[in-house]
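Read through the structure below, which is laid out as C-alpha cells, and then see the notes.
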Amino acid sequence: MNKMFGESWVTTTFETLEDWAQRNSFWPFPFGTACCAIEFMGTVSSHYDVSRFGSEVVRFSPRQSDVLLVAGTINDKMAPVLKKIYDQMAEPRWVISMGACACSGGFYRSYHVMQGIDEIIPVDVYVPGCPPTPEGLIYGILQLKEKVVRDRKKLAARSAQGRPEKETTGAHAGSATA
Amino acid sequence: MPTLAPPPPETRVGYDLDAVRAKFPAGSITTQEGAPWPTWIVRREILVDLARELRDNPATRLDLFVDLFGVDYPDRAERFEVVYNLYSLPFHARLFLKVAVREDDAVVPSLVKIWKGVDWFERELYDMFGLHVEGHPHLRRILCHEGFQGHPLRKDYDAARRWILTEDKIYKPHFDLPDGEDDLFERMTINIGPSHPAMHGTFRLMAVLDGETIIASDIEIGYLHRCFEKMAETHNWQQVIPYTDRLNYCSAFINNVGYCKTVEKMLGVEAPPKAVWARTILSEFSRIMDHCVCNGTTLVDAGALTNFWYMFQIREEIYGLLESVCGARLTVSACRIGGLIQNLPPDFEARCRTLLTMIPPFIKDVEDLVDKNRIWLDRSVGIASITGAEAVNWGWTGPCLRASGVAYDVRKAYPYDLYDTVEWEVPVLYGGDVYDRYRIRMLEIRQSLSIIRQLLDRGMPEGPHIVDDPHVALPSKDACYNQMEAMIYHFKLIMDGIQVPAGEAYTMVEGANGELGFYAISDGTGKPYRLHCRPPCFPIFSTFPQLINGGSLSDSIVSLGGLNVIAGELER
Ligand code: SF4
C-alpha cells in the first residue's frame, strides 16, 4: 500500500475522513436544566429540526456523546454533577455553553449560582442569549464545526513539528489500515 | 400615593372565625388591622392547637394549606415572622396566620401532623432563615447545598456570597424502610438523576427496589435554586419582572401577570381595559402552551414520541404570537406594572384567530393517537393515584387537584381580569391518576380556546396599553425627547424605580399548574423588602415519594411528567 500511494496520502485521507464524519455528526449530551432546555427542545423538534445539521442524535450517556451542551443555569449544587459528566466523556469532546447563565451566570449574581461553567470545565463555544433563539443555537453548532476542523489542523501541524516525521506517519498509517 | 385596597369580602354563609377564636385565651390571637387579607397574629404556644382547630372546626374548615414563608426584620425585638396561608374549600375563605419569634429563641412548632404539605415549606424555612422547626421528622436543607453556611434570606447575608460544595458533603439518601422487611436478597438501591432525562434534568430520585417494586424512596431537589427571592430584594420593582419569567418558564407570561397584579394592588393602580383584555388572552395561550409541553413530555416518558412533535408544534405557533407582541419567544417579560410593555401589533387579532383554527386539529390528532391506546391506558390508568382529600391535605392546586375531583380554580374562586365575564367551565375528573391528569389538561385546553374565542369576538378595547401615570409607567419616547417634564419622569423611573408605598399584598392567579401567588412586602424604599412566590408545584412534588412507593419503577417515571413540576418554579 505504501508503495502504491505513498505514506502521506493515507494519512491525510484518514484525517479528512475523520474530520468530515466528526464535524457533520455531533452527538450532543443535552445537559439541560432550566429555561434554555425548553429552547433546546424547540431546536430539536420539527420546526427547526437540528438534524439538518447532523446533531439530532441526543444521547443521555456521557460515554456515547462528544458534545456537552450545557443549557441552563448551573448552580453550586449541580456543579459536581456537571464536572463528573464532563470527566466521563471520552476524547475528543467539546462543550457548548448555551445561554447567559451557562456562559456567565446571567443575571443571577447570587449566592447559589455558578458564574459561568468555565469555572470548572473548558468551553469551546459560547452562545449568548437568554435564552438564545434556536437560530442562535444552530449558529453555535455551526461555529463548533469550524472549530473542530481548525483545531485538528493546528494539532496536526504541532505534532508534525514536534515529533520525528517517520514515527508520526507510521502511527497514523497504522491506524488507517487497521 | 393611594393606600392599599381594602380586603375583599369573604362570602360564604356559616363561616365563623370567632367560633374558633373563642376557644383560645384572650390575647393570644390579635387581628392585624389594614392587612390585605384577614390576618391573625398568633402566639407561638397555641399555634399547633389553633391550626388543628381551624382545620377541623365545622365553622372554619380551613383544609387547604397554601403557603408558608418567613420574613426577617432585624430591627424588631422579635426578629423573624412566619406567615401561614390557609384556604377553606367549603367556605371559600382565606386566612393568614403570623407568628413572630425572637432570634435567640428561633423555634416554631411543626405543623406536619396537620397538613402533610407543610413538610417541604418548613424545611425551606429552616434553610433560608435558620429557624428551627420543632417536631419536624427530618429537618435539613432543601434548596441550598450541604456545604452551604449561613441562611441566605436573612437580611445580613450578602446576596453574592457563595460556598463550594465538595464531593464528600453530597447528600446521602435517607430511607424510611417498612418494618419486617427481611427479603434482603433482591433489594437494590438505585439513584436516578439529577442529570437524567426521566428526571427532567434537575431532580434526583433515590429508590430502594425489591425486584421491580419501589419499597422506599427519597427525593432531592435544589439543583436549580437560583435565589429568586433574594434577587428580588436587590433589584427595584420593575427589574423583578424578568426574574418572574424564569419561575415557570413554560408559561412565563402568567408569572408576569401574577407579579404585576400584586404590585398594582399595592400601588392602587389598575391596568387599562386593553391591557386586561390582552393579558387574559395571552395567559390562556400560555396555559395551552404549558399543558402542551406537560402532556407531550409525559407521553414521551411513556414512549410515545410522535405526540411530542405535535404538541411542540402548537407551542411553536404560539411563540410566533408572543414574538410579535414583545419580541421574545420564551421569556417574554411582556407585562409592565400598570399594563403591557408596548401596544399590541396591528395583526394581533388576526394572529389569534389563526391560532384558534390551527390548534384544535393537533389536539385531536394526539387524542386520536393515545386516548384509547391500549399501551397508554395500561401505563396510566390507576397509576400514582391520589384521592381528593389526600391531595388537599398535601396542598395541591391546579389541574392535578382537579383531576382528583376538587374543583378549585383561582379563576373562578377569585375572578380576576376578564374571567368572570366569559362563559367557561372548570373541568373536573375523579380518577386522580396519571391518565386523568393527562385528560384534564386536554379538557382545559378546550376551555382556554373557548375563553379566547369569546374575548376576540368582543373585540379589542380601545385606549392605551398602560396606565397614564408618570409615577408608574414610562412616558412615550416622543414625549421624553420633547418635554422637560416627561424626561425627568423617565429619568426618575429608570434611576430610582417605582416607589411602592409601605405595606403588604398577596394576590394569586391560576398558573398552569396551580395557584401561583406573590406575597410582597414593601418598606417604601423602592425595592421589595420581601417578595415571596407561592410555587404551585412545590407541595405537589413533595408528594412524589408517597405516590410512587409500592409501584413499579417504570410507573414512577410515567407519573412524574403529569405532575408538571417545573424546576425553575419549584426551586425558584
Ligand atoms: S440564560 Fe436565561 S433562559 Fe437560559 S437558563 Fe439562564 S435564565 Fe433561563
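The values are calculated or read from the model by the stated rules, or taken from the named source; none is laboratory data. Given the structure is predicted, the values throughout are model-derived calculations rather than measurements. Virtual Cβ from ideal backbone geometry, glycine too; neighbours counted across all protein chains shown. Accessible surface is based on the protein model in full, side chains and every heavy atom, while ligands, DNA and RNA are left aside. Shrake-Rupley method; radii C 1.70, N 1.55, O 1.52, S 1.80 Å.
Probe radius 1.4 Å, ligands and nucleic acids ignored: give me the carbon and sulfur share of the accessible area of chain B as a rounded percent.
Numbers: 11160 of 20820 Å².
Carbon plus sulfur share of accessible area: 54 percent.
For the stretch B:201-261, what is Rg from Cα atoms divided by 2.2 N^0.38 Å, rounded to two decimals? Walk me through the numbers before you get to the answer.
Numbers: Rg = 17.5 Å, N = 61, 2.2 N^0.38 = 10.5 Å.
Ratio of Rg to 2.2 N^0.38 Å for the stretch B:201-261: 1.66.
Across peptide B:280-289, how many C-beta atoms of other chains are within 10 Å of each residue C-beta, on average?
Numbers: counts 0, 0, 0, 0, 0, 0, 0, 0, 0, 0.
Mean shielding count: 0.
Could you give the dipole magnitude of the stretch B:228-571 about its Cα centre, charging the beta-carbon of Lys and Arg +1 and that of Asp and Glu -1, in debye to the nearest 20? The partial results should precede the final answer.
Values: 30 positive and 41 negative charges, 43 e Å.
Computed charge dipole of the stretch B:228-571: roughly 200 debye.
How much length is gained if the chain between B:D378 and B:S28 is pulled fully straight, taking 0.36 nm per residue apart and subtracting their Cα-Cα distance, in nm to one decimal?
Numbers: separation 350, 0.36 × 350 = 126.00 nm, distance 5.42 nm.
Extra length from B:D378 to B:S28 when fully extended: 120.6 nm.
With a 10 Å radius around each residue's Cβ, average the other Cβ atoms per peptide and rank B:546-559, B:16-29, highest first.
Numbers: B:546-559: 19.2, B:16-29: 13.3.
Sorting B:546-559, B:16-29 by mean packing, highest first, produces B:546-559, B:16-29.
So how much slack lies between B:E134 and B:K412, counting 0.36 nm per residue of separation and subtracting their Cα-Cα distance, in nm? Kindly include the intermediate steps, with their values, before the conclusion.
Working: separation 278, 0.36 × 278 = 100.08 nm, distance 3.72 nm.
That works out to 96.4 nm of additional length.
Among DSSP beta bridges whose residues both lie in the protein assembly as shown, state the antiparallel percentage, nearest 5. Provide the component values of the computation, followed by the final result.
Values: 53 of 72 bridges.
Bridges in the protein assembly as shown are about 75 percent antiparallel.
Using packing as a proxy for protection, rank A:149-160, B:436-447, A:69-80 so that the peptide with the highest average count of other Cβ atoms within 10 Å comes first.
Working: A:149-160: 12.3, B:436-447: 22.7, A:69-80: 26.7.
Per-residue Cβ counts within 10 Å, averaged per peptide and sorted highest first, yield A:69-80, B:436-447, A:149-160.
Would you report the distance distribution of C-alpha pairs in the stretch B:9-134 as whole percents per 5 angstrom bin, up to the bin with the largest distance?
Result returned by the calculation: 2, 11, 21, 25, 20, 13, 6, 2, 0.
Please work out the FRET efficiency for the pair A:W20 and B:T189, using the Cβ-Cβ distance as r and a Förster radius of 35 Å; give the result to the nearest 0.05. Let's see the in-between values first.
Values: r = 45 Å, r/R0 = 1.29.
The calculated FRET efficiency here is 0.20.
Restricting to chain B, what percent of DSSP beta bridges are antiparallel, rounded to 5?
Values: 52 of 58 bridges.
Once the DSSP bridges in chain B are tallied, antiparallel ones form about 90 percent.
Would you kindly find the accessible area of B:T30, with a 1.4 Å probe and non-protein molecules such as ligands, DNA and RNA excluded, rounding to the nearest 10 Å²?
Near enough 70 Å² of accessible area.
Hey, what's the Cα Rg ratio for the stretch B:387-527 versus the globular rule of thumb, 2.2 N^0.38 Å? Working shown, then result.
Values: Rg = 21.0 Å, N = 141, 2.2 N^0.38 = 14.4 Å.
Its radius of gyration relative to the 2.2 N^0.38 Å reference: 1.46.
Using alpha carbon coordinates only, what is the Rg to Rh ratio of the protein assembly as shown, with Rh defined as the Kirkwood radius?
Numbers: Rg = 27.5 Å, Rh = 27.6 Å.
Over the Cα atoms of the protein assembly as shown, Rg/Rh equals 1.00.
Rounded to the nearest whole Å³, what is the per residue volume of the convex hull around the Cα atoms of the stretch B:271-335? Don't jump to the answer; show the numbers that get you there.
On the way: hull volume 4.5 nm³, N = 65.
Looking at the stretch B:271-335, the number lands at 70 Å³ per residue.
Which value, in Å to one decimal place, does the Kirkwood hydrodynamic radius take for the stretch B:209-333 when every pair of different Cα atoms is included? Walk me through the numbers before you get to the answer.
Numbers: mean 1/r = 0.0591 Å⁻¹.
Kirkwood radius, the stretch B:209-333: 16.9 Å.
So what is the 222 nm mean residue ellipticity for the protein assembly as shown from helices alone, if each DSSP H run of at least 4 adds -39500 (n - 2.57) and you divide by all residues, rounding to the nearest 500 deg cm²/dmol?
Values: 27 runs with 311 residues, N = 750.
Calculated at 222 nm, the ellipticity per residue is -12500 deg cm²/dmol.
Once every Cα of chain B carries one equal point scatterer and solvent is ignored, give the base-10 log of I(q)/I(0) from the Debye formula at q = 0.08, 0.10 Å⁻¹, two decimals.
So the normalised log intensities work out to -0.55, -0.87.
Starting from the Cα-Cα distance between B:H471 and B:Q454, subtract it from 0.36 nm times their residue separation and give me the gain in nm to one decimal.
Working: separation 17, 0.36 × 17 = 6.12 nm, distance 3.41 nm.
This chain segment gains 2.7 nm when fully extended.
Can you pull the mean other chain C-beta count within 10 Å for peptide B:308-318?
Numbers: counts 3, 5, 2, 1, 7, 3, 0, 5, 6, 1, 0.
Mean partner-chain Cβ count within 10 Å for B:308-318: 3.
How much accessible area is lost when chains A and B come together, counting both sides, with a 1.4 Å probe, in Å² rounded to the nearest 100?
On the way: alone 10390 and 22610 Å², together 29300 Å².
Chains A and B together bury approximately 3700 Å².
Let me confirm one metric for peptide B:152-164, namely the mean number of other chain beta-carbon atoms within 10 Å of its residues' beta-carbons. Don't skip to the answer; put the middle values down first.
Values: counts 3, 1, 0, 0, 0, 1, 1, 3, 7, 3, 8, 3, 5.
Rounded to a whole number, the mean comes out at 3.
Could you put B:K155, B:K172 in order of accessible surface area, largest first, with the 1.4 Å probe and the full protein assembly present?
Details: B:K155 65, B:K172 135 Å².
Sorted by accessible area, descending: B:K172, B:K155.
Could you sort B:483-493, B:392-402 so that the peptide with the highest average Cβ count within 10 Å comes first and the rest follow in order?
Working: B:483-493: 14.6, B:392-402: 26.8.
In descending order of packing, they fall as B:392-402, B:483-493.
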